[in-house]
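K.L.:
The structure is given below, and queries will be raised subsequently.
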């Protein structure tokens, strides 16, 4: 089953985004629904993504599925190849990635993940509980951190 991502794109019309030089149009939100990026991302995680950002090997990206372009998916950009990017999920048991559909053309890669926000589950309503959640839930999505650990484990 493909990784489904719900993405809320910023407003494209006139307004605050244009007044601030398009800053709001450069960022968006995506929600992860399936386990193809476990352990890096869990179902229910929210991603703050940056549209048009430069993609480097190891980055987590949002892209259009090559066979169903109305479906957005989250994968790791592994390697630059002729014609686009080789992408894979971090979960070795889910093969809905370039192993199944091949190289993804550049025009289908629409954003790079910037920050992961894990929704609160069972958080105590105390100040300490909320602070503990913030420290563990809001993290930058870095290329080298989980990608290199995954490669060393094999």
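K.L.:
Using the beta-carbon distance between residue 93 and residue 125 and R0 = 30 Å, what value does 1/(1 + (r/R0)^6) give for FRET efficiency, to the nearest 0.05?
P.N.:
On the way: r = 36 Å, r/R0 = 1.21.
That pair, residue 93 with residue 125, gives E of 0.25.
K.L.:
In addition: So for the pair residue 134, residue 67, with labels modelled 7 Å out along Cα→Cβ, what separation do we get in nm?
P.N.:
For the pair residue 134/residue 67, the computed spacing is 4.5 nm.
K.L.:
Give me the extension gain from residue 80 to residue 103: residue separation times 0.36 nm, minus the current Cα-Cα distance, reported in nm with one decimal. Provide the component values of the computation, followed by the final result.
P.N.:
On the way: separation 23, 0.36 × 23 = 8.28 nm, distance 0.89 nm.
So the chain would gain 7.4 nm between residue 80 and residue 103.
K.L.:
Ranking request for peptides 63-72, 46-55, 108-117: highest mean number of other beta-carbon atoms within 10 Å first, then the rest in descending order.
P.N.:
Ranking the peptides 63-72, 46-55, 108-117 by packing returns 108-117, 46-55, 63-72.
K.L.:
Given 0.36 nm per residue, what is the gain on full extension from residue 51 to residue 118 after removing their alpha carbon distance, in nm? Let's see the in-between values first.
P.N.:
On the way: separation 67, 0.36 × 67 = 24.12 nm, distance 2.08 nm.
Contour length minus Cα-Cα distance gives 22.0 nm.
We did not get these values from a lab; they are worked out from the coordinates using the rules stated. Just so you know, these numbers come straight off a predicted model, no measurement behind them. In this analysis, Cβ positions are derived from the backbone assuming ideal geometry, glycine residues included, and neighbour counts consider all displayed protein chains.
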